[in-house]
Structure formats: structure tokens, C-alpha cells
Amino acid sequence: MHRRLFIPALAAAAKLFAVDRSESIRGKLAEPFTLVTPDGRRIHLTGDASTAGVVKDARLMGNELEAVGTFSAPGEFEIGPIHTKSMYIIKAGKRLFITYWCEVCSIRTYTPGTCWCCQEETELDLREPEEK
Ligand SMILES: [Zn+2]
């Protein structure tokens, strides 16, 4: 008599195919929704509505951006959902979170727009991750 061991082997194989395929890309945010990599490739950025708000923010153009997500097609990169904090601006070698701040209400948001409290335009506020 001998036992067959095919079930654990199959389970291990299935797990291999389910690995997280997200990766990060860096480059210059050259124009809305467009990242230019150091080797000159132009990558079209997509994402949810809040993410789209960030990658089209005029105040961020010309900055170095790091984005975490997946290539949905050649030359097209889908950034992770806004709550996964998948975007950073690189400045002087530091990764900074992209946030927006209302001075009047002390309310922080993660996409540009008006403050939901006082309706004033929020300020861009790049922060080091350890800042709270
Ligand atoms: Zn406000």
C-alpha cells in the first residue's frame, strides 16, 4: 500500500499562481496621467477617481513620482486604490506621501479638491511617512 500525495502538490501550485503581481515604477510626472521613466518610456497612468485626481494635479507636474500597481497593458499602468497609499513623490531621496490639507479645519485628504467642511480649496502637503 502506498499513499498518493497529489493534493498538497496541487495546492502549492495554485498558491504560486496567486502571488501578488504589483510592482512599483518611478519616473517624472510629465503631464496629466503620463509618467516618463528614466529610460524615456511614456507610461499612461490609470486608477480610481481619487488616484486620477492626484496624477492630474497641476501642482505635481514635473515631480518624480513613484507608483505601486500593475501593468494592465503595455505602456499602461494601473495604480493601486487610493486607500493602499500607492503614490509617492521623491524629493531629495525621500519618499513623501501625497496629501492635501485644509488649514482652517485641520482636515487631511488624499486627493485634490475642496474641503468637505468649509469648501475652501485644499493645499498640497507632501509629508514624510513618519509624520502623523
Ligand atoms: Zn476646511
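FYI, it's all coordinate maths here, none of it is from the lab. The structure displayed is predicted, hence computed values, not measured ones. Here the Cβ is made from the backbone with ideal geometry for all residues, glycine too, and neighbour counts use every protein chain on show.
Under 5 Å between amide hydrogens, built in the peptide plane, is the criterion, and for F33 it picks out K56 among residues at least 5 positions away or on other chains. Using R0 = 30 Å, the C-beta based FRET efficiency linking C105 and E64 works out to 0.50. Here the Karplus relation 6.51 cos²θ - 1.76 cosθ + 1.60, evaluated at θ = phi - 60°, turns the backbone of segment 43-50 into coupling constants of 10, 7, 9, 10, x, 6, 4, 5 Hz, with x for every Gly and Pro.
Residue-wise HN-Hα couplings along segment 85-94, as the Karplus relation 6.51 cos²θ - 1.76 cosθ + 1.60 with θ = phi - 60° gives them from phi, are 6, 9, 10, 9, 9, 9, 9, 6, x, 9 Hz; Gly and Pro carry x.
Tell me whether segment 21-127 comes out rounded, prolate or oblate; compute the Cα gyration tensor, take square roots of the eigenvalues as a ≥ b ≥ c, and use a/c under 1.5 as the rounded threshold. Prolate shape, in that a/c is at least 1.5 and a/b is the bigger ratio.
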